[in-house]
Amino acid sequence: MDARVALLLLWTVFVLLTAELNWIDAAKVYTNTWAVQINGGPGEADRIAREHGFINHGHVFGDYYHFRHHAVEKRALSGHKRMHIRLQKEPQVLWTEQQVVKKRKKRDVYEDLTDPDFPKQWYLSNPTHQDLNTKAAWAQGYTGRGVVVTILDDGIEKDHPDLISNYDPEASYDVNDGDTDPQPRYTQRNENRHGTRCAGEVAAAANNGVCGVGVAYNAKIGGVRMLDGEVTDVVEAQSLSLNPQHIHIYSASWGPEDDGKSLDGPAKLAKEAFLQGITKGRSGLGSIFVWASGNGGREQDSCNCDGYTNSIYTLSISSTTQSGNVPWYSEPCSSTLATTFSSGNPGEKQIVTTDLRQKCTDSHTGTSASAPLAAGIIALALEANMNLTWRDMQHLVVRTSQPGRLSAGDWKTNGQNINYRVKEKKMQKTKM
């Protein structure tokens, strides 16, 4: 019996995270600093600070001084009364107040995007159906700035007019040829377009008159060319471990064969690369690995048999269609953490992004298109809080995604009011 994790519509993590943490916003957050009014000049201020274990950071203006105490928590939900009373008892202290964090919002005006294909990006802005709620995050000023994402794939067209301004050579490498240029190998059939398409979903630039926009349109984007040649354990390990103190998010839309017969996953070096990434990447906060869950639904494949999506170290992402349906290629498995939008049946819209030869496309498909959307959403969350660990991010995806019962004919509700889906005589349990 295969348990199926909650099919959650992966919402813009930061926007819902702020809603979840409203109680913190509403409460006062006390710092370890005090404003102190002292009679007697700088020498007296230094004496009082020294005597009570404070550091005097100097004048604010007049006879007001800025004190800090390193033994007091930097952020707390209650004031430190003992230190406050000690200062108040000093005869030369006329007034003192422990400082609280004040929430202030930049009063920028958010304007709608002018990119020609943005109106086609139904999954970013859709007044009649569900979308990823990215406009709400953008309106708050979160666009991925300062976050670096790399696409592990068949290369990235680094000079594409919708990618060039965000392209990051430090997040790029050609593992197949052993050089620093991840430019795809061009062929008549354009089979090496996959990485460029994924890159545009994350970080296609905004308001430049080209194609559409990425979810995190101010993030930096790189590409690792590693699928256009023999893929070995070494190739995978080199790709997964590229510049882990610079790259924040690795997005991969590939894996073993989706044929219903393959049981495969990372070998020794790739496993070690995952482990090194989550323990040492991002200065110990952990690299974030986003993985497409697979397209083998028609072959009755299960992503539980895929050692990449089934790894504790990856965020496994599946798909839902424009209409909120489970797509025909979806693989039921317990390792899927969340879903984003992608293609579906004929007549349902697909994903708009950059394409090879400096073109645009509105036909990117499968879970390959879902994982980069998730990577872009995670980039928005990291911009909001760069201190989130790899494990924090997994928890946030689960806690802040919007529960959605995807349309399918075989959902049932049991006596515990738990929704589950039966397919091919196997029960897939859904956690809402």
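The values are calculated or read from the model by the stated rules, or taken from the named source; none is laboratory data. Note that the structure is a prediction, hence the values are computed from the model and not measured. Positions of Cβ are backbone-derived with ideal geometry, glycine not excepted, and every protein chain shown enters the neighbour counts.
Of everything in the range 263-282 that is among the small types (Gly, Ala, Ser) and surrounded by 15 or more Cβ atoms within 10 Å (Cβ to Cβ), the residue that is farthest from residue 389 (Cα to Cα) is 265.
For the range 228-253, the set of residues classified as part of a loop (DSSP other than H, G, I, E, B), at pLDDT below 90 and under 16 Å from residue 151 (Cβ atoms) consists of 231 only.
Within the range 206-242, the set of residues being within 14 Å of residue 353 (Cα to Cα) and free of Cβ contacts under 8 Å to residues at least 60 places away in the same chain is empty.
Is it true that residue 139 is small (Gly, Ala, Ser) and modelled with pLDDT of 95 or more? The answer is no for residue 139. Meeting the requirement of 3 or more residues that are modelled with pLDDT under 80, the strands (runs of 3 or more DSSP E) wholly within the range 322-432 are 411-413, 419-423, 426-429. Taking the listed residues 175, 202, 213, the one that is modelled with pLDDT under 95 and either aliphatic (A, V, I, L, M) or under 19 Å from the mean Cα position of the chain (by Cα) (or both) is 175, with no other qualifying.
Here residue 245 does not fit the description of being closer than 16 Å to residue 179 by Cα, out of contact with any Asp or Glu (no Cβ under 7 Å at 6 or more places or on another chain) and either touching a residue at least 24 places away in the same chain (Cβ under 8 Å) or crowded, with 24+ Cβ neighbours inside 10 Å (or both). For residue 225, the conditions (1) over 23 Å from the mean Cα position of the chain (by Cα); (2) surrounded by 15 or more Cβ atoms within 10 Å (Cβ to Cβ) are fulfilled apart from (1).
Scan the range 1-59 for residues that are of a type in the set (A, V, I, L, M), under 30 Å from residue 136 (Cβ atoms) and modelled with pLDDT of 85 or more and the total you get is 1. Scanning the range 283-295 for residues that are buried (at least 24 other Cβ atoms within 10 Å of the Cβ) and either out of contact with any helix residue (DSSP H, G or I) (no Cβ under 8 Å at 6 or more places or on another chain) or assigned to a strand (DSSP E or B) (or both) gives 288, 289, 290, 291, 292.
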